[in-house]
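These notes are about the structure you will find just below.
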Amino acid sequence: MTQTAALSGNADLYLHVRVLIGIILGLSVTRLVSGIAAIVQHPKRYRIWPVHLGWVAWALVNVVTFWWWEFRLSLIPHWTFSLYFFVCTYASMYFFLSALLFPLDLEEYKGYQDYFLSRRHWFFGFAALTEALDVVDTWVKGDAHLQSLGPEYLVSVGIFITLCGVASMTRNVKFHILFVFAALVHEISFFARYYHTLN
């Protein structure tokens, strides 16, 4: 009953806030999907790299699941500009990640591996910041929601941020392969276990 009342009372306000968030996330999805389409259309133009594609998949999963679960923001009883600004900033991180994964051109580089490794400091810096903002976003949805995710959530975020720090400093290909594989598997697994329903 309380959830229903909150949803009803904040529907118009949430829809207002959701417009800009939807635009930002829409641009992110467009950038990622367009990048994938360009690779399919011209597979020999730039040398692809599985690790890069793995992070593309990770980013796409994050954007889609972010939009799915942000519906919980409709339960927030009181909105402020600072909260609105925070949510928009958080959503913008995904566009930054998408733009970093698919730059406008790669003329200066030998392929996606050369490009990705040369820009790894920026990418993993934004990835770590995005995960840190996710903790704040989760807390904003209520202490009960944060606690419902159990200790695994905060531990996994801490590990991810730490590994992002390592990834930003190393060019070791084996490490990058293992990191992106683990990050993608965990993201899908965590969503399936905790976020598969809005109830």
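The values are calculated or read from the model by the stated rules, or taken from the named source; none is laboratory data. Every value quoted in this text rests on a predicted model; they were computed, and no experiment measured them. Here the Cβ positions follow ideal geometry from the backbone for every residue, glycine too, while neighbour counts run over all protein chains shown. When the accessible area is computed, the model is the full protein with side chains, heavy atoms only, and any ligands, DNA or RNA have been set aside. Shrake-Rupley method; radii C 1.70, N 1.55, O 1.52, S 1.80 Å.
Overview of results
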item	result
Label-to-label distance, nm, for residues given as Phe85 and Arg171 (7 Å Cα→Cβ offset)	4.0 nm
Longest to shortest principal axis, alpha-carbon extents of the chain, angstrom	57, 33, 28
Loop GluC sites (Glu not before Pro), segment 94-152 (other Cβ atoms within 10 Å of the site Cβ: 11 or fewer; DSSP)	Glu107, Glu108
Where labels lie 7 Å past Cα in the beta-carbon direction, separation of His145 and Arg119 in nm	3.1 nm
Per residue accessible area of segment 39-129, 1.4 Å probe, in Å²	51 Å²
Segment 90-199: equivalent-ellipsoid semi-axes (sqrt of 5 x gyration tensor eigenvalues, Cα, Å)	29, 15, 12
Residue (of Tyr46, Ile161, Ile177) at the positive-pole extreme of the chain, dipole from beta-carbon charges	Tyr46
Percent RCO, i.e. relative contact order, over segment 53-169, from Cα pairs under 8 Å lying at least 6 residues apart	30 percent
Cα-based radius of gyration of segment 52-134 once divided by 2.2 N^0.38 Å, which approximates compact folds	1.28
Whole-number percent relative contact order across the chain, with pairs defined as alpha carbons under 8 Å at least 6 apart	29 percent
Unit charges on C-beta of K, R, D, E only; dipole of the chain, Debye	560 debye
Candidate lysines - alpha carbon under 27 Å from Lys110, same-chain residues fewer than 8 apart omitted	Lys44, Lys174
Accessible surface of the chain, 1.4 Å probe, proportion on carbon and sulfur as whole %	68 percent
Simple spin-label estimate for His42 and Phe190 in nanometres, 7 Å along Cα-Cβ	3.6 nm
Calculated [θ] (222 nm, deg cm²/dmol) that DSSP helices of n ≥ 4 give over the chain, each run adding -39,500 (n - 2.57)	-26500 deg cm²/dmol
